[in-house]
1. Of the numbered conditions (1) within 6 Å of the ligand (Cβ to nearest atom); (2) closer than 15 Å to residue 325 by Cα, residue 373 fails exactly one; give the number of that condition.
2. With respect to residue 329, is the statement that it is assigned by TED's automatic domain parsing to the domain that holds residue 394, closer than 16 Å to residue 278 by Cβ and within 15 Å of the ligand (Cβ to nearest atom) true?
3. Does residue 343 count as surrounded by 13 or more Cβ atoms within 10 Å (Cβ to Cβ), in contact (Cβ under 8 Å) with a residue 12 or more places away in the chain and away from the ligand (no atom under 12 Å from the Cβ)?
4. Restricting to segment 296-313, and then to whatever is loosely packed, with under 13 Cβ neighbours inside 10 Å and either among the polar types (S, T, N, Q) or touching a strand residue (DSSP E or B) at 6+ places or on another chain (Cβ under 7 Å) (or both), can you tell me which residue is farthest from residue 327 (Cα to Cα)?
5. From (1) in a helix (DSSP H, G or I); (2) within 25 Å of residue 354 (Cα to Cα); (3) within 16 Å of the ligand (Cβ to nearest atom), pick out the condition that doesn't hold for residue 299.
6. When you check residue 98 against the structure, is it surrounded by 14 or more Cβ atoms within 10 Å (Cβ to Cβ), farther than 30 Å from residue 173 by Cα and modelled with pLDDT of 60 or more, yes or no?
7. Test residue 403 against the stated conditions and say whether it is closer than 15 Å to residue 261 by Cα and either surrounded by fewer than 20 Cβ atoms within 10 Å (Cβ to Cβ) or within 8 Å of the ligand (Cβ to nearest atom) (or both).
8. Tell me, which residue of segment 347-370 that is part of a loop (DSSP other than H, G, I, E, B) and within 14 Å of the ligand (Cβ to nearest atom) is nearest to residue 334 (Cα to Cα)?
Amino acid sequence: MAIDAPSSSPPSSSPWSDRLRHSAIILLAAGLALSVVVALGELSLVRAASIFICIAAAALVPWRLHNVATSREDVRGVNPVETAAVSAVVSGMPDPAVLLDRAGRVIHLNAAAAQLAPALRKNELAQFALRSPEIITALREAIAVSEPRRAMYLDHVPVDRWMELIITPVPVPTLFGGTDKCMLMTFHDQTPLRRVEEMRADFVANASHELRTPLAALSGFIDTLQGQAKDDPKARERFLGIMHTQATRMARLIDDLLSLSRVELSAHVRPDTSVDLVPIIRQVADGLEPLARERQVVVDIDLPETPVQIAGDREELLRLFENLIENALKYGASGGKVIVTLVSALSGEGTPEVRVMVRDFGPGIAPEHLPRLTERFYRVDVGDSRAQGGTGLGLSLVKHILNRHRGRLLIESVPKNGATFTACFPQARTPTLV
Ligand code: ADP
């Protein structure tokens, strides 16, 4: 929408000549009246002359003031603050901006404002276009007390947007000298902040829920042990076992939350220590051997004989591979086999990278879940994850660790035919793979 200056024809007669005529008539009438009074001998000539000078001053001196005050009516159709400079300033503002007169009528609006609120029209009251009671109140108050006011403007089309609206009184120079008090209304997009705030609130709600579940189980069993199961050694043994599992789950959740926040805090700092991936993967696989045995899964590790160096954080990499291999053992156990392979390859952009693939032969993952797997607390089956001691944070942690290492995670799965999680890292400058 183009915002043009209004087209209006100039006034036909000059206000100055009108006024001059007006004053001349007053002076003529005063002169005549005084002459008659002097002729009748009712007033001395000197007194009559002084009175005439006073009348002349009264008729002529307020001209200038009178001209400024009434020029709006004289120059009908032209808003006195509508100058090219004001128009250029409003149009040049990066955020949506609208200039209103003291009655709340639109004087100027820039293209961003016209796009945001297409109902806003020049020379029309802004409240007709922005029908929110909060905005109307803020506008009234800003005009009444001549102080800035804020309000929220919600836009739902094409997507939800939260805009903070700030109404600031501004004295704007008029065409005829002096200033006019106008209202500058600017809109500031708060949508990204809102989204972060929503995510934070969701996260806190999810984390509290996840912590409360094992906590409720623990206090329930403590009550039982203090009450009816007090003298039952068998029940006590069983309940203590469950309590241990729940306490471990809570500890793991807190561990994962802390790791996640640590990795997020250092997300912008890329690790610069050179580490060899081969012993890291072996260490993780060795540590998970008891779980593999328990789940009756054979873990096949296919790693090169030579070191594979990348710029990385050893502790974070241990955490990453632990999550991927443990998930394969937990969720893909029915396949009986997990293969861990390290290869070098080229990324989509043709840059060399190191890929660590963890493949299982379990039930796989339905395609609709794949894009959401790295979201915090997202699980395909919440019950299954809890039964396996999962927190729903593992893959989110994996994604953040890979981001920090400037790598990426690929997830491929064919339902009923297992899943492959591939961690890709940019290769160190000197290739060490053979
Ligand atoms: P959790 O702590 O629940 O394991 P993750 O973030 O590690 O959390 O994994 C999220 C979900 O992804 C799991 O709950 C599970 O449903 C699914 N998942 C992860 N790895 C596999 C896999 N190898 N096979 C099938 N499903 C998997």
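1. Only one criterion is unmet by residue 373, namely (2).
2. Details: assigned by TED's automatic domain parsing to the domain that holds residue 394: yes; closer than 16 Å to residue 278 by Cβ: no; within 15 Å of the ligand (Cβ to nearest atom): yes.
It is false that residue 329 is assigned by TED's automatic domain parsing to the domain that holds residue 394, closer than 16 Å to residue 278 by Cβ and within 15 Å of the ligand (Cβ to nearest atom).
3. Numbers: surrounded by 13 or more Cβ atoms within 10 Å (Cβ to Cβ): yes; in contact (Cβ under 8 Å) with a residue 12 or more places away in the chain: yes; away from the ligand (no atom under 12 Å from the Cβ): yes.
When the stated conditions are applied, residue 343 passes them.
4. Going through segment 296-313, the residues loosely packed, with under 13 Cβ neighbours inside 10 Å turn out to be 296, 298, 300, 302, 305-306.
Then keep just the ones that are either among the polar types (S, T, N, Q) or touching a strand residue (DSSP E or B) at 6+ places or on another chain (Cβ under 7 Å) (or both); that gives 296, 298, 300, 302, 306.
Values: 296: 14, 298: 14, 300: 15, 302: 18, 306: 27 Å.
Looking at the filtered set, the residue picked out is 306.
5. Result: residue 299 fails condition (1) only.
6. Numbers: surrounded by 14 or more Cβ atoms within 10 Å (Cβ to Cβ): yes; farther than 30 Å from residue 173 by Cα: no; modelled with pLDDT of 60 or more: yes.
In short, no.
7. Values: closer than 15 Å to residue 261 by Cα: yes; either surrounded by fewer than 20 Cβ atoms within 10 Å (Cβ to Cβ) or within 8 Å of the ligand (Cβ to nearest atom) (or both): yes.
Yes; evaluated as a whole, the condition is true for this residue.
8. So the first thing to find is which residues in segment 347-370 are part of a loop (DSSP other than H, G, I, E, B), and the list is 347-351, 361-366.
Those still in the list that are within 14 Å of the ligand (Cβ to nearest atom) too: 361-366.
Working: 361: 7, 362: 5, 363: 7, 364: 10, 365: 13, 366: 16 Å.
Applying the filter and picking the extreme gives 362.
The values are calculated or read from the model by the stated rules, or taken from the named source; none is laboratory data. Nothing here was measured: the structure is a model prediction, and the numbers come from that model. Positions of Cβ are backbone-derived with ideal geometry, glycine not excepted, and every protein chain shown enters the neighbour counts.
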